[in-house]
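I have placed the structure first, in the form of structure tokens, so that the comments after it can refer back to it.
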Amino acid sequence: MSVGGSDEDILISRDDNEDKEEHKKTVSISLLSPPKRFRWPLFIATTILGLAALVAVIVAFTVKPLINKSLEDVSLDKHTRLFTISRGTRVVLKSKLGVSIKQALPKAYLGDWLYRIRWEGEAVVTVTNQNETDESAECVNVSWHSFDVRGTLEDCIELGDSHWYGGAEMYRQTWPMEADGHHEMRPFVSSDELNESLNKTFGSVLQPIWLSSDGVAIIVDASVPLHVGFNSTFDGTGGKLCLQSKHNAFAYPHWNDAKPVVLDYVLCTHDDVKSLYQYVASTYWDPPDGIPAVSMMERPLWSMYVQYFRMSVSQVNVLEFANKIIENGFSYSNVEICGKYSTYYGDLEFDDERFPNVSQMTSELERKGFNVTLWVYPFANIDSKAFQYGAAKSFWVTGANIHLNLVSWQNTPEGEGTAILDATNQTARQWFVSKLKHIQSKYNIKSFKFDAGEVNYLPQFYTTSQRLQNPGDFSAYYSSIATAFCPLSQVRVGYFTQHLPVFVSVMRKQPTWGINNGLHSLITSVLTLGVMGYPFVIPDAVGGSTSNTFDSQMSCPSDELFIRWAQATAFMPVMQFSLSPWSSCFNDSSIVTRLAHEAVELHENVSRYIVRLALNSVTTQEPIVRPLWWIAPNDTTAHVVNDQFLLGDNVLVAPVIHEAQRKRDIYIPKGKWCDTRHSNTSPPYNGPKLLANFPAPLNVIPYFVRCSQVQNIFSTK
């Protein structure tokens, strides 16, 4: 049905549907499970109005701005383009539609939509109701079509008094999101932020979904060439999150054709932020297919990245590293060999000079109880055998007007270039997997960490074997290769890949305290990935894993920072070390080692509980590490607490994240909580309550357990 439309409108709708049908085909990957995609029709018919109601609407339209069919829920003023959504008597969202529209006077139509407004020669916006299976969820679809190939569409959502979560991993990972104040408009694609201008890009895990404390969700369709920015002014009040759609030569090269620009998204409301998360998770992504390795949740992961990355990793220092772990009395699951262990990236063979007898090395490590993990990359040096073979088979991503389509990889020696695997090419993926399985079988390698995979590593004007509906699909294809090596495999990128039963590593952190990629941001990053649907998170290595200056010298954390970092990660799904506690970095390595031991023991004591939470996430999609509002969704204080977290519903953790801090304020949400360290002497704390200046000496991380669950949390293995 069309009311006031044109052949131009019909053509736009047909092209959009064809794009979505084509995307259904391209993500049907035989080697891996495809990422779930949300799709909604542009026009969903509502109940035909009775004659009396129709007359009433027409009369109302003649005397005031266009009125929708659900008067108490949605309102759009066609002249000011102010759009509001209410829940009951409360306005939960305000936005300014069509910020980029230049004309003042549109045409408005009634039909099987809530609204349809057209600006001749510029754009048309259609707002429709969506039928939801959840009676408490109310959703509308906002769909723009520009008539200009080079046009721009932009809507801005007022942040107001709400607090917002999700969207993307960030260098400065504030919680809630709006606390950061300002992010300039940029393409919404993944980047290795430590290889880009700091705080100028989005990180390695992202998806275009944002949740608010008022129970409002924004879900942008994957077909949109999306740019996102937010700042602290919106018509003089509060902040705004702006969604912009436009062609971009690098981020969205496949949109540089004759098709008009689109901006298509859904706005949903629910009872509260927790109920909203549960609805969005069950509707817009798939639950995990299983859980990754239990051993990595029970015992620490040991990576060689920090201590050996800047030198040539070798068989000698791999064994030395493992022996030191044992000598210092630490437990372990995996030992990770990273860096350039091969002569050339891509060849996936150990360098003979540095690794004279790999089988002997891995056999010795296995006897000692280590699982050996290799870092692998989707890159190949131009001097490698892999590059030559892959070039002949068209296994590398191609670009336009660039010789050999080389890209820059941060681990590549100066002056050398690398090609990047076309992860959308099924034959290329199978070849890559076969190479990995060969080295795995030959040397008894247990699994792999799949490093990189961000969109920023694609060459300029990239072209892939399978057309990408969204650049994030490239990361999804690459991440899904890891499923061939479960349950020990790891990735660091994600785009609607919540269904993969793999660990997801948080971006590398710096050895600093603050929210700018330091210890504080570790907590907010894990919380953010949790509400994005990724429960199996590996926090960055204790003490951080990158320098501040990217120079050749390792940047050492302070003794205190290392200890506080270890304490915080003790309550996270995986505990990871890379800089050893006995390192010469520290002023007093004996104290650091002793307190790191205590943190590891604490992690092992709660590991059974962590595994139960992991199993639970498969059916409920609930995160393992949760924000305080998870158990108090209407508690306005819980909405903004960013230096505490919950492990499940029953453990409240309040890490120390400031230097020289020996006391800290702790917010106790509703419930009856016990300080198990002093269970015989301390009375329970009844929340909600603020504990001011709670003691936190260097050897203590404050945490509380729901009093009725103490025995269940610390059960004997």
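Read-outs: derived from the displayed coordinates by stated rules, not from any lab. These numbers were taken from a predicted model, which means no experiment stands behind them. Here Cβ is always computed from backbone atoms with ideal geometry, including for glycine, and neighbour counts include all displayed protein chains.
Ordered by the number of other Cβ atoms lying within 10 Å of each residue's own Cβ, fewest first, 135, 184 fall into the sequence 135, 184. Name the shape class, rounded, prolate or oblate, that the alpha-carbon gyration tensor gives for the range 437-530, where a ≥ b ≥ c are the square roots of its eigenvalues, rounded holds for a/c under 1.5, and otherwise prolate holds if a/b is larger than b/c and oblate otherwise. Oblate, because a/c is 1.5 or more while a/b does not exceed b/c.
Protection proxy ranking, highest mean first, for peptides 302-308, 102-108: 302-308, 102-108, where packing is the per-residue count of other beta-carbon atoms within 10 Å, averaged. For the range 618-624, putting each phi into the Karplus relation 6.51 cos²θ - 1.76 cosθ + 1.60 with θ = phi - 60° gives couplings of 5, 9, 9, 6, 7, x, 7 Hz, in residue order, rounded to whole numbers and with x for Gly and Pro. Note: relative contact order over the range 294-623, using C-alpha pairs below 8 Å and six or more positions apart, is 17 percent. When 591, 337 are arranged by Cβ crowding within 10 Å, least crowded first, meaning fewest neighbours, the order is 591, 337. Each of 509, 385, 274 has some number of other Cβ atoms within 10 Å of its Cβ, and from fewest to most they run 385, 274, 509. Taking a threshold of 32 Å on the Cα-Cα distance, which of the pairs 246/385; 78/246; 509/663; 324/509; 393/446 fall above it? Over 32 Å Cα-Cα: 246/385. Relative contact order of the range 98-172, taken over Cα pairs closer than 8 Å and 6 or more residues apart, is 25 percent. Karplus-based coupling profile of the range 365-377, in residue order and whole Hz: 5, 5, 4, 7, x, 8, 8, 8, 10, 9, 6, 10, 9, with θ = phi - 60° in 6.51 cos²θ - 1.76 cosθ + 1.60 and x standing for Gly or Pro.
What shape does the range 645-713 have by the C-alpha gyration tensor, where a ≥ b ≥ c are the square roots of the eigenvalues, rounded means a/c under 1.5, and otherwise prolate means a/b greater than b/c and oblate the rest? Verdict is prolate for the range 645-713. Amide H contacts of residue 538: 504, 505, 506, each under 5 Å away and 5 or more positions distant or on a separate chain (H built 1.01 Å from N in the peptide plane; Pro and chain starts excluded).
The H on the amide N of residue 578, modeled in the peptide plane, is under 5 Å from the matching H of 303, 542, each at least 5 residues off or on a different chain.
Of the peptides 640-646, 246-252, the order by per-residue mean of other Cβ atoms within 10 Å, starting with the highest, comes out as 640-646, 246-252.
Using the per-residue mean of other Cβ atoms lying within 10 Å as a proxy for protection, in what order, highest first, do the peptides 420-433, 162-175 fall? Spell out each step's value before the answer.
Numbers: 420-433: 21.1, 162-175: 23.1.
So the peptides 420-433, 162-175, ranked by packing, come out 162-175, 420-433.
Taken one residue at a time, the phi angles of the range 264-280 give Karplus couplings (6.51, -1.76, 1.60, θ = phi - 60°) of 9, 8, 10, 10, 10, 10, 8, 4, 7, 5, 5, 4, 4, 4, 4, 5, 4 Hz. Gly and Pro are set to x.
Please work out whether the range 294-623 counts as rounded, prolate or oblate from its C-alpha gyration tensor, where a ≥ b ≥ c are the square roots of the eigenvalues and a/c under 1.5 means rounded, while otherwise a/b larger than b/c means prolate and anything else oblate? The partial results should precede the final answer.
Working: a/c = 1.61, a/b = 1.36, b/c = 1.19.
Verdict is prolate for the range 294-623.
Model label points for residue 84 and residue 105, set 7 angstrom from Cα along the Cα-to-Cβ axis, are 2.7 nm apart.
Over the range 294-623, what is the percentage of antiparallel beta bridges among all DSSP beta bridges, to the nearest 5?
Details: 6 of 24 bridges.
The answer is about 25 percent antiparallel.
Mean separation of Cα pairs under 8 Å and 6 or more residues apart, divided by the residue count, gives the range 246-391 a relative contact order of 19 percent.
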